[in-house]
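Got a structure for you, questions after.
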Amino acid sequence: MSESYEFGAPERFTVGTVGEPGQRAFYLQSFAVGELVSLKCEKQQIGALAEHLAAILVDLPTPVEHEVMGTDVDFVEPPAPDWVVGRMGVAWDNEQDRLVLLCEEAFDEEAADSDDSPASARFRLTRAQAAAFVELARDVVASGRPPCYLCGRPLDPAGHVCHRLN
């Protein structure tokens, strides 16, 4: 069973990749009180999270005071992921003026013991951290392989076999 994490006030919350386009691994990464966690995700998960956070930020009421602290987005290449993300959920904590991201580990219930449960990570993000993440995540997702103009699939450096041309 993997370790669970609780980041009540992360100093850093970011996204990054390891590898070349087409072979990249995507990571959510957070740092707080000397602890660094790197969670492996799919590209689509990062893109969907960024768009969902952006939509939530637009709908939030105007904050009482604008917080700009905690927007460090420097990515540190991890030696290995702490675990792989399966599910994600986002909630709004009105009292604390924080977006709460909950990530659950990808978990094979059939292969696990009956006492095992997936690890989780909870990140309590400021609006500024969420906005900085959205901007960076959009850039990271868009920096991959360009899509084929006919079918939308990623173009490989060695070429592309487009099913629309057959």
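Here, each number is a calculation from the coordinates, and none is a lab measurement. If you're wondering where the values come from, they're calculated on a predicted model, not measured in any experiment. Glycine also receives a Cβ, built like all others from the backbone with ideal geometry; neighbour counts cover every protein chain displayed.
If packing is taken as the mean number of other Cβ atoms within 10 Å per residue, what is the order of 10-16, 96-102, highest first?
Per-residue mean Cβ counts within 10 Å order the peptides as 10-16, 96-102.
For ARG153 and ARG138, calculate 0.36 nm times their separation in residues minus their Cα-Cα distance, and state this gained length in nm to one decimal.
Working it through step by step, the gained length comes to 3.6 nm.
Sorted from fewest to most neighbouring beta carbons within 10 Å, what does the list ILE46, ILE56 look like?
So the ranking, lowest neighbour count to highest, is ILE56, ILE46.
Which of THR126, THR17, THR62 has the fewest other C-beta atoms within 10 Å, and how do the rest follow up to the most?
Least crowded to most crowded, the residues run THR62, THR17, THR126.
Based on DSSP H runs of at least 4 residues, each adding -39500 (n - 2.57), what is the mean residue ellipticity at 222 nm of the chain after dividing by all its residues, to the nearest 500 deg cm²/dmol?
My calculation for the chain gives -6500 deg cm²/dmol from helical runs alone.
How much FRET efficiency would the formula 1/(1 + (r/R0)^6) give for ARG145 and ASP108, where r is the Cβ-Cβ distance and R0 is 35 Å, rounded to 0.05?
0.70
Also, quick follow-up: Which value, in debye to the nearest 20, gives the size of the charge dipole of segment 5-165 about its Cα centre, when Lys and Arg are +1 and Asp and Glu are -1 at the Cβ?
For this selection, approximately 920 debye.
So how do LEU155, LEU28 line up by other beta-carbon neighbours within 10 Å, fewest first?
Ascending Cβ contact count within 10 Å gives the list LEU155, LEU28.
Given axes a ≥ b ≥ c from the Cα gyration tensor, I'd like to know whether segment 122-166 is rounded (a/c under 1.5), prolate (a/b larger than b/c) or oblate.
Judged from the Cα gyration tensor, segment 122-166 comes out prolate (a/c at least 1.5, a/b above b/c).
Starting from the Cα-Cα distance between GLU35 and ASP59, subtract it from 0.36 nm times their residue separation and give me the gain in nm to one decimal.
Contour length minus Cα-Cα distance gives 5.5 nm.
Classify the chain as rounded, prolate or oblate from the Cα gyration tensor: take a ≥ b ≥ c as the square roots of its eigenvalues, call it rounded if a/c is under 1.5, otherwise prolate when a/b beats b/c and oblate if not.
oblate
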